[in-house]
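Report on the following structure.
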Amino acid sequence: MNDSVVREVEAVVVGAGQAGLSSAYHLRRLGYRPGVDFVVLDRSPRPGGAWQFRWPSLTYGKVHGMHALPGMELTGADDARPSSEVIGAYFAEYERAFDLRVQRPVKVDAVRGGERGRLRVETSRGGWSARALINATGTWDRPFWPRYPGQADFRGRQLHTADYPGPREFAGMRVVVVGGGTSGVQHLMELAAAGARTTWVTRRPPAFREGPFDERHGRAAVALVEERVRQGLPPQSVVSVTGLPMTQAMERARAAGVLRRLPAFDRITPTGVAWADGTSVEADVILWATGFRPVVDHLAPLRLREPGGGIRMEGTRAARDPRVQLVGYGPSASTIGANRAGRSAALGVQAVLTSPSAAGVGAFDSGDGWSGPVRAPLAVAV
C-alpha cells in the first residue's frame with residue numbers, strides 16, 4: 001500500500017470495538033460494501049477493542065454487562081477464561097463472519113475538512129477521503145489521572161486501571177485504590193484476596209444499587225447522560241448514574257471490611273496519602289481506578305466542541321457537523337448502548353449520502369475555513 005495515496009470511500013469508521021463493529025455491521029446491512037464503500041480503521045494490533053487490554057484475572061464470568069454484537073450471539077464461552085481472550089476471539093470471528101475487512105494497526109491522527117465538502121482522514125498509513133465518518137474510538141486510550149499536591153514525590157508505584165496487570169504482584173503490599181466505579185471495586189476485591197492490604201478512597205460516597213434494575217430505570221439513567229451531551233457538556237458514564245449493582249461477592253467483601261470507603265485525601269506524601277485533619281495512610285502502591293475520557297482529539301480540526309467542553313449531540317450526530325457520527329460516546333458508552341448507536345450512526349451516514357444537500361443543493365462547513373457542496377451519492381441497496 002502506498003501511504004502517500006489518498007483513497008476515496010463513502011464513509012470511514014474509526015475504531016473496531018463494540019461500537020465500531022456494530023456500525024460496520026449496520027452499514028453492510030444497508031448495502032454498503034466493506035473495503036469498497038466504507039473502511040474500518042483500528043489502531044489496536046488485533047481484534048477485541050479495549051477488551052484485549054484487560055488484566056488476565058478479569059475472567060469472562062466477572063464481566064459486568066457484556067452484550068452480544070448484532071447478528072451473532074456469543075455462545076459457549078468459558079467463564080473461567082480471561083475476558084480478553086473470550087471477547088477477542090468473538091470479535092475476530094465476527095469480523096470474519098461479516099467480512100468487515102478491518103485495517104489494523106492504523107492510528108488516525110486527524111480529521112479535517114477537505115475538497116468538495118469531503119472529510120480528510122489522516123492516518124499512520126496514509127490518507128482517506130470520505131463523505132461521512134463514524135467515530136467509535138471509545139475511551140481506553142485516554143485514562144484519566146487526577147493531580148494532587150506531592151504526587152511527583154511519592155516513592156512507591158503509581159498506575160492506572162489501563163496498566164493494571166492483575167493482583168498477584170501486589171501480594172503483601174499496601175495498596176490505595178482510588179475510584180468509586182466498577183473497576184475500583186473489582187480491583188479491591190481481588191487485591192484483598194491476593195493478600196494485599198487495601199485502602200479505598202473515593203471523591204463521593206459510592207452508590208450501591210440493590211434490588212432489580214429494570215428497563216424503566218435503564219432508560220431514565222441513559223436519559224440523564226443524553227441530556228448532558230445535548231447541552232454540549234462532557235459526558236458522564238452511564239454507570240455514574242445507575243450506581244454499582246450489589247453482587248453476592250460484593251456483599252461478602254463489604255462484610256469483611258474490604259469495601260470500607262474513605263473520602264478523597266488532600267495530598268500525597270513520599271510514603272502514602274494524607275488528609276487535612278492529620279490522618280495519613282502509608283502505601284506502597286496507588287492504583288488510580290479513576291476512569292477514562294473520550295478519545296476525540298483527532299477531531300479537533302473540525303471544531304466540534306462546545307463552550308461547555310463537550311461535543312453537542314443530536315442522537316449520534318455531531319450538531320456542528322452532520323457528516324460526523326459519534327458512537328461509544330456519552331449514552332452509547334456501554335455494550336448495549338453501542339449496539340443501538342451503531343444502527344443509528346449507519347442510518348445517519350445513509351442520510352448524509354442520500355440527502356439533497358449531498359447532490360450540491362446545500363453545503364457543509366468543513367471546520368477549518370472551507371465550505372462547499374458534497375458530491376452526489378452512489379446508488380445503495382437498502
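The values are calculated or read from the model by the stated rules, or taken from the named source; none is laboratory data. Since this is a predicted model, take the numbers as computed values, not measurements. Ideal geometry is used to build each Cβ from the backbone, glycine not excepted, and the neighbour counts take in all protein chains shown.
A few remarks follow.
- Yes/no for Val222 being crowded, with 20+ Cβ neighbours inside 10 Å, modelled with pLDDT of 85 or more and assigned to a helix (DSSP H, G or I): no
- The set of residues from the range 118-129 being over 14 Å from His298 (Cβ atoms) and outside any loop (DSSP other than H, G, I, E, B) comprises Gly126, Ser129.
- Matching residues in the range 1-38 - criterion: being in contact with a helix residue (DSSP H, G or I) (Cβ under 9 Å, 6 or more places away or on another chain) and assigned to a strand (DSSP E or B): Glu10, Ala11, Val13, Val14, Pro34, Phe38
- Residue match in the range 67-88 (condition: among the acidic types (Asp, Glu), in contact with a strand residue (DSSP E or B) (Cβ under 7 Å, 6 or more places away or on another chain) and not in a helix (DSSP H, G or I)): yes
Per-residue answers, yes or no, for (1) within 20 Å of Gly35 (Cβ to Cβ); (2) among the acidic types (Asp, Glu):
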{"residue": "Val102", "(1), (2)": "yes, no"}
{"residue": "Asp109", "(1), (2)": "no, yes"}
{"residue": "Val121", "(1), (2)": "yes, no"}
{"residue": "Gly126", "(1), (2)": "yes, no"}
{"residue": "Trp145", "(1), (2)": "no, no"}
{"residue": "Ala162", "(1), (2)": "no, no"}
{"residue": "Pro165", "(1), (2)": "no, no"}
{"residue": "Val185", "(1), (2)": "no, no"}
{"residue": "Glu190", "(1), (2)": "no, yes"}
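- Filter result for Ala16 (buried (at least 24 other Cβ atoms within 10 Å of the Cβ) and either small (Gly, Ala, Ser) or at pLDDT below 90 (or both)): yes
- Selection status of Leu30, in contact (Cβ under 8 Å) with a residue 60 or more places away in the chain and surrounded by fewer than 24 Cβ atoms within 10 Å (Cβ to Cβ): yes
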